[in-house]
Structure formats: C-alpha cells, structure tokens
Amino acid sequence: VIYAEPSNKVFLQGAIGGTSNMITIGILGTLVLSAYSKTKIKSGSLRVEE
C-alpha cells in the first residue's frame, strides 16, 4: 500500500511534516526557554541582611 503512492506525494508529505515539526519545536522551545529563564536567579539579586 505504501509503495503504491506516487513518489512526489510522499516527498511532499515528508517536507510538510518536517517543516511543521521545525515550526512547532521552534515556537514551543522558545516558550519553554523563556519560562525557564524567568526562574533563574539574576546575579546581584542577593542582599545582605543587617
């Protein structure tokens, strides 16, 4: 069944799948890294208590 498909259709599906995966990973990765960077302690944020 798989081999009966026209080759240009298979390559088009692969290209669309790869492109959509890259876009999804780019967007979700940016959101995750942005959220993670907000949890990190900034340098110089500690104060001496008297």
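Descriptive notes on the structure:
- Hits in the stretch 3-24 (condition: open to solvent by 90 Å² or more (accessible area, probe 1.4 Å) and acidic (Asp, Glu)): none
- Looking across the stretch 25-50, the residues that are hydroxyl-bearing (Ser, Thr, Tyr) and either open to solvent by less than 100 Å² (accessible area, probe 1.4 Å) or touching a residue at least 60 places away in the same chain (Cβ under 8 Å) (or both) come down to THR30, SER34, SER37, THR39, SER45.
The values are calculated or read from the model by the stated rules, or taken from the named source; none is laboratory data. The structure displayed is predicted, hence computed values, not measured ones. As a convention, Cβ positions derive from the backbone with ideal geometry for all residues, glycine included, and neighbour counts pool all protein chains shown. To get the accessible areas, we keep the full protein, side chains included, count just its heavy atoms, and leave off ligands, DNA and RNA. Shrake-Rupley method; radii C 1.70, N 1.55, O 1.52, S 1.80 Å.
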